[in-house]
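Participant: Before I ask anything, here is the structure I am working with.
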Amino acid sequence: FSFRKLWAFTGPGFLMSIAYLDPGNIESDLQSGAVAGFKLLWVLMLATVIGLLLQRLAARLGVVTGLHLAEVCNRQYQKVPRIILWLMVELAIIGSDMQEVIGSAIAINLLSVGKVPLWGGVLITIADTFVFLFLDKYGNFSFCILENKWGDSAFLNLLMVLVLLTGLRKLEAFFGFLITIMALTFGYEYITVKPNQEKLLKGLFIPYCQNCGTPQLEQAVGIVGAVIMPHNMYLHSALVKSRQVNRANKREVREANKYFFIESCIALFVSFIINIFVVTVFAEAFFEKTNADVSSVCVNSSSPHSSLFPNNNETLEVDIYKGGVVLGCYFGPAALYIWAIGILAAGQSSTMTGTYSGQFVMEGFLNLRWSRFARVLLTRSIAITPTLFVAIFQDVEHLTGMNDFLNVLMSLQLPFALIPVLTFTSLPSVMNDFANGL
């Protein structure tokens, strides 16, 4: 095992893990905490573990074959099923795009104290993707994978690590920075609220849901749809191709599979911890709270958003927007702004996930070589149009309510990614000696 080689393969897994931290995930986390307390943490953990296993299969497909999942589908399927698969994946990508737009718009609205309207935030998100594309196009360094010939020299090994560090693609480094922002902001909320550790551990390791009903079941299904993103498997199988591997050498292929899997484990563990921060904050602070409880606290804290919560005894319902407001009422304005920064980082970091997924999927399924700018302009326009209409003619509750529908949509799209991944990775004709035997 070599940490230097692990660092050389680090990048694709963290870009892939961004999909586990998009605004749809954050909304699912906070709602499951507010609706079910700590009782659904085990669902989050199992969904993340299953997601890791599926990402491992997708990465192995890319490493072994030198083709990503969409390219293999193109070669293995007839025209009709191939077109159906492409349409389903595009639908998932557009749904993910909408969640990013919604999250970013809400974060911008909160950070500007309402001065930037929701529709203004939606329009701002049109530009951000092209900023990231510019960063990707003009900020890349070629990534070096160096042979280990420095022996046990600590100094030279450290020097090689620094060389690899400066050789990182700037886009990968930038999104690593955004993940760090999410860890710090949501970690701040976690430290501020101080969730009960005994309940946290019980929720993680004991599959139970005492006194649960339909709302809790809906949240459990939503967690699965939010965590396991269908287009993410297409993305991961393509990202691993950015590392040079001699596929004629079984030892190199086996080594690449090992390091990509280790990197994926680390990346998804980080995303899992961030998701736990959000679930437990809302489970500890707002589980079984009523509108009247929150309304009185917001009025006493002179919050400008206190009118959001009617003075009645109905159970509190929270979303990305209300979640930030409630945190601000209970723990001060700093908690609200730090929450908004975390949501903005989640929305912006997941922007490129959909961008790259769409590019690989279109090229793989249809052999269309559109520029990234043209393709992003098409899909983001499709995603922004309904979101913009809701932002202009409805209120923020309708905007955030779209996230629940989109998480269900992701659940329905899962088979269209699972079946190809599980099928191709078990075929010796595709995977040779690396076929999955299960």
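Participant: Of the options 370, 105, 214, report the single residue whose Cα projects farthest towards the positive end of the charge dipole of segment 3-434 (beta-carbon charges: Lys, Arg +1; Asp, Glu -1).
Facilitator: 370
Participant: Another question about this same structure. List the residues whose amide H sits under 5 Å from the amide H of residue 289, counting only those 5 or more places along or on another chain, with H placed 1.01 Å from N in the peptide plane.
Facilitator: 316
Participant: Using a 1.4 Å probe on the protein heavy atoms only, what accessible surface does residue 209 show? Give it in Å² to the nearest 10.
Facilitator: 50 Å²
Participant: Per residue, how large is the accessible surface of the chain? Use a 1.4 angstrom probe and give square angstrom. Show your work: numbers first, answer last.
Facilitator: Working: 18460 Å² over 438 residues.
Dividing the accessible area of the chain by its residue count gives 42 Å².
Participant: Continuing with this model, one more query. Multiplying the sequence separation of residue 184 and residue 112 by 0.36 nm and subtracting their Cα-Cα distance, what value in nm do you get?
Facilitator: Values: separation 72, 0.36 × 72 = 25.92 nm, distance 2.08 nm.
Difference between extended and current length: 23.8 nm.
Participant: At a 1.4 Å probe, what is the % contribution of carbon and sulfur to the accessible area of segment 3-434? Write out the running numbers ahead of the final one.
Facilitator: On the way: 11790 of 17960 Å².
Answer for segment 3-434: carbon and sulfur cover 66 percent of the accessible area.
Participant: Another question, if that's okay. What FRET efficiency do you get for residue 206 and residue 288 if R0 is 30 Å and r is their Cβ-Cβ distance, rounded to the nearest 0.05?
Facilitator: Values: r = 20 Å, r/R0 = 0.66.
Plugging the Cβ-Cβ distance into 1/(1 + (r/R0)^6) gives 0.90.
Participant: Sort 212, 73 by accessible area with a 1.4 Å probe, largest first. Intermediate results must be reported in sequence, preceding the final value.
Facilitator: Details: 212 45, 73 0 Å².
From most accessible down to least: 212, 73.
Participant: Whole-Hz Karplus ³J(HN,Hα) for segment 6-12, in order, using 6.51 cos²θ - 1.76 cosθ + 1.60 and θ = phi - 60°, x for Gly and Pro?
Facilitator: So the J values, rounded to whole Hz, are 4, 5, 5, 8, 6, x, x.
Participant: Of 72, 390, which has the most accessible area with a 1.4 Å probe, and how do the rest follow in descending order? Walk me through the numbers before you get to the answer.
Facilitator: Values: 72 5, 390 30 Å².
From most exposed to least exposed: 390, 72.
Participant: Quick check: the angle from helix 415-424's long axis to the longest principal axis of the chain, C-alpha only, nearest 10 degrees?
Facilitator: Between the helix axis and the principal axis of the chain, the angle is about 20 degrees.
Participant: Residue separation times 0.36 nm, minus the C-alpha to C-alpha distance between residue 242 and residue 427: what's the value? Intermediate results must be reported in sequence, preceding the final value.
Facilitator: Details: separation 185, 0.36 × 185 = 66.60 nm, distance 2.39 nm.
The residue 242-residue 427 span can extend by a further 64.2 nm.
Participant: Compute, for the chain, the length of the dipole vector about the Cα centre, with Cβ point charges of +1 (Lys, Arg) and -1 (Asp, Glu) only. Units Debye, rounded to 20. Each step should come with its number before you reach the end.
Facilitator: Details: 29 positive and 29 negative charges, 349 e Å.
Result for the chain is approximately 1680 debye, rounded to the nearest 20.
Participant: Could you calculate the contour length gain from residue 435 to residue 197, that is, 0.36 nm times the residue separation minus the distance between their Cα atoms, to one decimal place in nm?
Facilitator: 81.5 nm
Participant: Next question, about the same structure. With axes computed from alpha carbons, what is the tilt in degrees of helix 154-166 against the longest principal axis of the chain, rounded to the nearest 10 within 0 to 90?
Facilitator: That helix lies at roughly 70 degrees to the long axis.
Participant: Another question, then. Choose one of 12, 307, 415: the residue whose Cα lies farthest towards the positive end of the charge dipole of the chain (beta-carbon charges +1 Lys, Arg; -1 Asp, Glu; about the Cα centre).
Facilitator: With unit charges placed on the Cβ atoms, the residue in question is 12.
Participant: How large is the accessible surface of residue 370 in square angstrom, using a 1.4 angstrom probe and rounding to the nearest 10?
Facilitator: Probe radius 1.4 Å; accessible area of residue 370 about 110 Å².
Participant: Once you keep just the Cα pairs under 8 angstrom separated by 6 or more residues, what percentage relative contact order results for the chain?
Facilitator: 39 percent
Participant: While we're looking at this one, here's another question. Just to be sure I understand the curve: with the Debye formula and one point per C-alpha of segment 3-434, what is log10 I(q)/I(0) at q = 0.10, 0.11 Å⁻¹?
Facilitator: Per q value, in the given order, log10 I(q)/I(0) is -0.69, -0.83.
Participant: Determine ³J(HN,Hα), in whole Hz, for all residues of segment 103-113 in sequence, where each value follows from phi through the Karplus function 6.51 cos²θ - 1.76 cosθ + 1.60 and θ = phi - 60°; x replaces Gly and Pro.
Facilitator: For segment 103-113, the Karplus-derived couplings read x, 5, 4, 5, 4, 5, 4, 5, 5, 8, 6 Hz, x marking Gly and Pro.
Participant: With axes computed from alpha carbons, what is the tilt in degrees of helix 320-331 against the longest principal axis of the chain, rounded to the nearest 10 within 0 to 90?
Facilitator: Tilt relative to the chain: about 60 degrees.
Participant: Now for a different question. Could you report the accessible area of residue 80 in Å², rounded to 10, computed with a 1.4 Å probe on the protein chains as they sit in the structure?
Facilitator: We get 100 Å² for residue 80.
Participant: Just name one of 126, 268, 33: the one whose Cα is farthest towards the positive end of the charge dipole of the chain (beta-carbon charges, Lys/Arg +1, Asp/Glu -1).
Facilitator: Farthest towards the positive end: 268.
Participant: Okay, moving on. At q = 0.17 Å⁻¹, work out log10 I(q)/I(0) for segment 240-393 with the Debye formula, treating every Cα as an identical point scatterer and leaving solvent out; two decimals please.
Facilitator: Values returned for q = 0.17 Å⁻¹ are -1.10.
The values are calculated or read from the model by the stated rules, or taken from the named source; none is laboratory data. Every value quoted in this text rests on a predicted model; they were computed, and no experiment measured them. Ideal geometry is used to build each Cβ from the backbone, glycine not excepted, and the neighbour counts take in all protein chains shown. Side chains included, ligands, DNA and RNA excluded: accessible areas come from the protein's heavy atoms. Shrake-Rupley method; radii C 1.70, N 1.55, O 1.52, S 1.80 Å.
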